[in-house]
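Engineer: Mind having a look at this structure? Questions to follow.
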Amino acid sequence: MKDIYYFTKKELLEVWRTKRLLILLIVFIIFGILSPLMAKLTPEILKSSFGSEIQLTIPEPTSIDSWVQFYKNITQMGIYILVILYSNSVSGEVSRGSLTNLVTKGLNRSAVITSKYLVIAMQGVVAVCLSFSITAAYTAYYFPDNNSPHIVIALVPLLIFILFLSALIVFGSAISSNSFAGLLFTITTIALFYLMNLFENISKFNPISLIGENVSILQGETQLNEQYWAMSISLLATIFLFSAAISVMNKKKL
Amino acid sequence: MEIPEIVLDNLLLFIPLILLEVGLMITALIHVLKHPDYKFGNKLMWILIVVFIQIIGPIVYFVFGRGENE
């Protein structure tokens with residue numbers, strides 16, 4: 001436990017010193033502001049690009065548009081920024097050789113993985129929540145309608161996906177020897193999940209479906225309990241990937 | 001230069017957005033200037049990337065470009 005505490009502290013210091021935490025937070029804050037802005041601007045952009053010759057009836061943007069943009073930004077860009085930033089978290093440390101000393105002095109190897117996982121998952125969750133609150137505030141201000149009643153419930157699957165993704169990042173980074181291999185592993189796995197989602201009978205269990213239905217949960221069209229399977233599978237996969245990362249780490253030559 | 005009406009209508013959104021982008025750019029620019037050893041590329045290249053590619057530029061620099069030495 002003590003190992004985990006000290007190593008987590010060291011990890012936090014590292015993400016602060018290397019500016020990774022700062023970048024992640026700034027980018028997610030930008031997404032938080034960008035989402036309602038995009039929702040507001042899209043009709044204007046359409047109008048100006050088609051000119052006045054064609055009479056277009058563009059519906060007024062609603063809070064739904066703002067949330068559609070939010071989930072699009074986070075799931076199509078945000079999560080990959082998390083992956084890019086942390087795909088070398090374990091492999092970088094191993095290749096720099098900075099762990100050799102600590103491990104020979106008695107640092108538990110599983111504490112390394114645990115701390116890495118905790119720090120990545122924590123940052124992901126904080127960044128998403130921050131981005132979410134900003135979008136929520138702007139959306140409430142600019143689009144005061146009742147179209148999106150369940151905004152908090154819709155966020156739950158995304159947060160669970162972040163926990164799963166963090167385990168995937170740590171595992172990918174543990175099995176690979178450099179940051180690009182880890183990046184490639186994580187991105188390929190996500191791509192495979194997307195492919196698997198094409199088959200309808202699998203998609204119910206697929207972790208990737210956790211970031212596909214958020215807007216419809218938000219509108220109340222899908223119930224959260226329809227995703228219980230995907231959530232349980234994701235959490236199980238998280239535990240599995242996490243333990244696998246520890247056993248890979250235990251066998252790894254430092 | 002005339003500010004478009006759409007920007008004036010949404011100042012509450014544009015001002016923080018611009019501040020954050022500029023802040024990110026300046027943080028990266030200072031780092032580029034102060035730490036002249038990069039994993040690859042040279043100073044001019046990184047200055048151009050960081051200044052002209054909004055958001056993505058600084059991220060790419062901090063993840064792939066910065067040297068290991070503090």
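The values are calculated or read from the model by the stated rules, or taken from the named source; none is laboratory data. The structure presented is a predicted model; accordingly, all values stated were derived computationally and were not measured. We place every Cβ from the backbone using ideal geometry, glycine too, and count neighbours over all the protein chains shown. Just the protein is used for accessible areas: all its heavy atoms, side chains included, with ligands, DNA and RNA removed. Shrake-Rupley method; radii C 1.70, N 1.55, O 1.52, S 1.80 Å.
Engineer: What is the average number of partner chain Cβ atoms found within 10 Å of a Cβ in B:17-23? Please report the intermediate quantities before stating the final value.
Structural biologist: Values: counts 6, 1, 0, 8, 2, 0, 2.
Mean inter-chain Cβ contacts per residue within 10 Å come to 3.
Engineer: If you don't mind, there's one more thing I want to ask. Roughly how many nanometres apart are two label points built 7 Å out from the Cα toward the Cβ at B:Gln54 and A:Val156?
Structural biologist: The two pseudo-label positions are separated by 3.7 nm.
Engineer: How much of the accessible area of the protein assembly as shown, in percent, comes from carbon and sulfur atoms when a 1.4 Å probe is used?
Structural biologist: Solvent-exposed carbon and sulfur of the protein assembly as shown make up 67 percent of the total.
Engineer: Roll a 1.4 Å probe over the protein chains and send me the accessible area per residue for the range A:2-251 in Å². Provide the component values of the computation, followed by the final result.
Structural biologist: Numbers: 11850 Å² over 250 residues.
Ligands and nucleic acids excluded, the result is 47 Å² per residue.
Engineer: For the range A:59-70, take each phi angle, set θ = phi - 60°, evaluate the Karplus expression 6.51 cos²θ - 1.76 cosθ + 1.60, and give the result in whole Hz per residue in order, putting x for glycine and proline.
Structural biologist: Working through the residues one at a time gives x, 4, x, 10, 4, 4, 4, 4, 6, 4, 4, 4 Hz.
Engineer: What FRET efficiency do you get for A:Leu195 and B:Val7 if R0 is 51 Å and r is their Cβ-Cβ distance, rounded to the nearest 0.05?
Structural biologist: Numbers: r = 41 Å, r/R0 = 0.81.
For R0 = 51 Å, the calculated efficiency reads 0.80.
Engineer: Specify the longest stretch of chain A that does not include any exposed loop site, a site being one of the GluC sites (Glu not before Pro) with a non-H, G, I, E, B DSSP assignment and at most 16 other Cβ atoms within 10 Å.
Structural biologist: Here the longest run is A:54-220.
Engineer: On to the next question. Evaluate peptide A:28-35: per residue, the Cβ atoms of other protein chains within 10 Å of its Cβ; return the mean as an integer.
Structural biologist: Values: counts 0, 3, 7, 1, 3, 8, 4, 1.
Partner Cβ neighbours, averaged per residue: 3.
Engineer: Which one, A:Ala167, B:Leu48, A:Tyr6, projects farthest toward the positive side of the charge dipole computed for the protein assembly as shown from Cβ point charges (K/R +1, D/E -1)?
Structural biologist: It is A:Tyr6.
Engineer: Starting from the residue with the highest accessible area, list A:Ser203, A:Ser95, A:Ser115 in decreasing order, probe 1.4 Å. Before the final figure, lay out each step's value.
Structural biologist: On the way: A:Ser203 30, A:Ser95 85, A:Ser115 0 Å².
Output order, biggest surface exposure first: A:Ser95, A:Ser203, A:Ser115.
Engineer: Same structure again: Between A:Ile153, A:Ile29, A:Ile79, which gets the highest mean-square fluctuation from a Gaussian network model of chain A, Cα cutoff 10 Å?
Structural biologist: A:Ile153
Engineer: Using 1/(1 + (r/R0)^6) with R0 = 41 angstrom and r between the beta carbons of A:Thr57 and A:Thr188, what's the FRET efficiency to the nearest 0.05? It would help to have the intermediate numbers written out before the result.
Structural biologist: Numbers: r = 43 Å, r/R0 = 1.05.
Rounded to the nearest 0.05, the efficiency is 0.40.
Engineer: Charges at C-beta only: +1 for Lys and Arg, -1 for Asp and Glu. How large is the resulting dipole of chain A about its Cα centre, in Debye rounded to 20?
Structural biologist: Working: 17 positive and 13 negative charges, 327 e Å.
Approximately 1560 debye in magnitude.
Engineer: Please identify the chymotrypsin sites (Phe, Trp or Tyr not before Pro) of chain B that satisfy two criteria: DSSP loop assignment and at most 11 other Cβ atoms within 10 Å. Which are they?
Structural biologist: Details: sites: B:Phe14, B:Tyr38, B:Phe40, B:Trp46, B:Phe52, B:Tyr61, B:Phe62, B:Phe64; in loops: B:Phe40.
Sparse-neighbourhood loop chymotrypsin sites (Phe, Trp or Tyr not before Pro): B:Phe40.
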